[in-house]
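Taken together, the values in this text are just the output of simple stated rules run on the coordinates, not laboratory data. Because the structure is predicted, anything quoted here is derived from the model rather than measured. Every residue, glycine as well, gets a Cβ built from its backbone with ideal geometry; the counts of neighbours run over all protein chains shown.
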Amino acid sequence: MSDALKHECGIAFLRLKKPLSFYKEKYGSAFYAIQKMYLLMEKQHNRGQDGAGLASIKLDMNPGERYISRVRSNDAQPIQDIFSQLNNRVNKELEDHPEYADDVDLQKKHIPYVGEVYLGHVRYGTFGKNGIESVHPFLRQNNWMHRNLIVAGNFNLTNVKELFNDLVRLGQHPKEMADTVTVMEKIGHFLDDEINDLYYDIKKEGFSKRDASPLIGERLNVGRILRRASKNWDGGFVMAGMLGHGDAFVFRDPAGIRPAFYYEDDEIVVVTSERPVIQTAFNVPYESIKELKPGQAILIKKDASVSFEQILEPLPELACSFERVYFSRGNDAEIYQERKDLGKLIFPEVLKAIDNDTDNSVFSYIPNTSETSFFGMVEGAQDFLNQRKIADILANKEGLTEEKLQEILSVKLRSEKIAVKDAKLRTFITDDSSRDDLVAHVYDVTYGVIKPTDNLVIIDDSIVRGTTLKKSIIRMLDRLNPKQIVVVSAAPQVRYPDCYGIDMARLEGLIAFRAAIELLQDTDQYDIVEEVYKKSKAQEGLANGDLVNYVKEIYAPFTDEQISAKIAEMVKDEGIKSDVKIIFQTVENLHVACPKNKGDWYFTGNYPTDGGKRVVNQAFVNYYEGNDAKPY
């Protein structure tokens, strides 16, 4: 994607079901789980590079022995940093105590992170929150083992203020109004409540305080805790947690917005944000990896028993389609095919843009995530070319000579690697003109393959803000002097803010929105803007269920083609000699290509929760009032 977006985080949960000695004997090391956690996190580094964290729990430790370890980093390479720190700790212990080398019991007792339960997290920080205190996993500490709570998630809640006020009404004093802290304290409150009830019940049965502790762990109902804690959550989430005594959970939102995949056998339970990660780390077949259902939690007890509970009533499933278009790694078998299909499905519109002239067209892509869609677009072009060759052969069949046949068959599609993304350029001069000049050189181009008679067709997976397109890509492509530049977006126009994990919260940042506003001005319909503002403002106090996304009215007067044409006009800077066209995927074709991920609110404005409708209206109010505040 040319417009870099910060987005969903990634989780990695791993539970060993056997004693550590089993892994030492079978795999040669008691550090088996640590090695697997490194793989699970590194293979998801695409999901977050602003921070990473890892927490582990050792089961059945004696009082006074450390059983929880946690390391976090917001270093430039946070995954490598946390495992480097961990490795240094382990190596120092082994150097200082050679007797630990082959003794699994001593390793577990004395070396941090040698345990049975692990939770890792990689994150992108949104709204500038990149400090170490914002890096997951979060830890809620207590001297009672069961009350220790570790939480990490891939999520965003739209009603944090409401949840914060709920905590205040419960008598708590939260340290900040942040969704992760609020979620952890919500779970923590009902965890404490559950433990108190169990403690008094067990005490009535005649058990001592010390004997009550393991019984609390056995009887603790994590599903009930999650049901009570999540009652009013609105958003997209996969929430993972571990309790100090060894229980653990991973819980998915009721619309299935955020992804979660799991695998279980007699040795492990593993849950991640992406399926191929598990395939790679554990060498298991695709079909053995399942997807957690919307509103469902996988619950792993201290005794390693696994169960599934429906925590929240499922909503119509609207899994995030941006996962398929861009965010998830493309080595998932389904995602790879879906991205190819996106490229193939948009090719008929490309043909219209170039007047069917494939002979004088060069096809390429913006590196690197749009490469798979490019393969699909090329397949569509090859199909077109093959049909043309068949028609030519049939038209000349009466007098077809070998020479003529050779001429027909020799026509080939021209595809080249035109755009090359250079290493990140850093601004060392602060004035705007110097900065813009550097931005213009983020991409370089391959010279010598484009003729002045050529259409240059270049595909991107999506166009969100259009900034890089305008300031860099179009300028660089124009240096090749093509007749026409056709920029193809494998995704539809991004018209509405996201509030479930993607950093697209402000309407004015979306080029499709800015294009619609300019069209309203051009066509003397700007009064619609004021009407939408009044309607959106009037909804600020309305209850859930009564909310309407009035921002749709901004786009209603125009066709998709009109907005695309305006976007092309906006990204064509003064001095660009080539004609510029922009083509976007249709929403209908998006659903054909990605049938399982129908979440399309950023394209259509059809939000899966009331919180989404509230956010889009607030985002418009903020835009109209010139308020740069976060709309949720």
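Here the sum of -39500 (n - 2.57) over DSSP H runs of 4 or more residues, divided by the residues of the chain, equals -11500 deg cm²/dmol at 222 nm, to the nearest 500. Per-residue Karplus couplings for segment 551-558, computed as 6.51 cos²θ - 1.76 cosθ + 1.60 with θ equal to phi - 60°, are listed in order as 5, 4, 5, 5, 8, 4, x, 10 Hz, Gly and Pro entered as x.
Basic side chains Lys and Arg get +1 at the Cβ, acidic Asp and Glu get -1 at the Cβ, and with that the dipole of the chain about its Cα centre reaches some 1180 debye.
Peptides 528-540, 198-210, 335-347, ordered by how many other C-beta atoms sit within 10 Å of their residues on average, highest first, read 335-347, 528-540, 198-210. In summary, segment 500-576 shows an alpha-carbon radius of gyration equal to 1.28 times the 2.2 N^0.38 Å reference for compact globular proteins. Taking other C-beta atoms within 10 angstrom as a stand-in for reagent exposure, Arg258, Arg329 fall in the order Arg329, Arg258, fewest first. For segment 10-317, the relative contact order works out to 20 percent when only alpha carbon pairs closer than 8 Å and six or more residues apart are counted. Working from Cα pairs under 8 Å separated by at least six residues, relative contact order for the chain is 14 percent.
Within the shell of other residues whose beta carbon sits under 9 angstrom from the beta carbon of His136, the net charge comes to +2, with Lys and Arg scored +1 and Asp and Glu -1. The charge dipole of segment 323-625, taken about the Cα centre with unit charges on the Cβ atoms of Lys, Arg (+1) and Asp, Glu (-1), comes to about 540 debye, rounded to the nearest 20. Each peptide in 158-164, 482-488, 447-453 gets a packing score, the mean of other Cβ atoms within 10 Å over its residues, and the list from highest to lowest is 482-488, 158-164, 447-453. Report the far tail of the P(r) of segment 10-317, meaning the percent of Cα-Cα pairs longer than 30 Å. Distances greater than 30 Å cover 30 percent of the Cα pairs. Just to confirm my numbers, what's the Cα centroid distance between segment 201-224 and segment 379-425 in Å? Using only Cα atoms, the two centres lie 74 Å from each other.
Ordering of 26-38, 513-525 by packing is 26-38, 513-525, highest average first (other Cβ atoms within 10 Å, averaged per residue). Altogether, the Stokes-Einstein calculation at 10 °C and 1.306 mPa s, with the Kirkwood radius of the chain over Cα pairs as Rh, returns a diffusion coefficient of 59 µm²/s.
If you take the Cα centroid of segment 259-301 and the Cα centroid of segment 547-615, the two points sit 34 Å apart.
Taking amide H as placed 1.01 Å from N in the peptide plane, the amide H of Ala490 sits under 5 Å from that of Asp460, Asp461, Ser462, each at least 5 places away or on another chain. Computed over segment 323-625, relative contact order equals 20 percent, with contacts defined as Cα pairs under 8 Å that lie 6+ residues apart. Counting every alpha-carbon pair across segment 323-625, the share separated by more than 26 Å comes to 52%.
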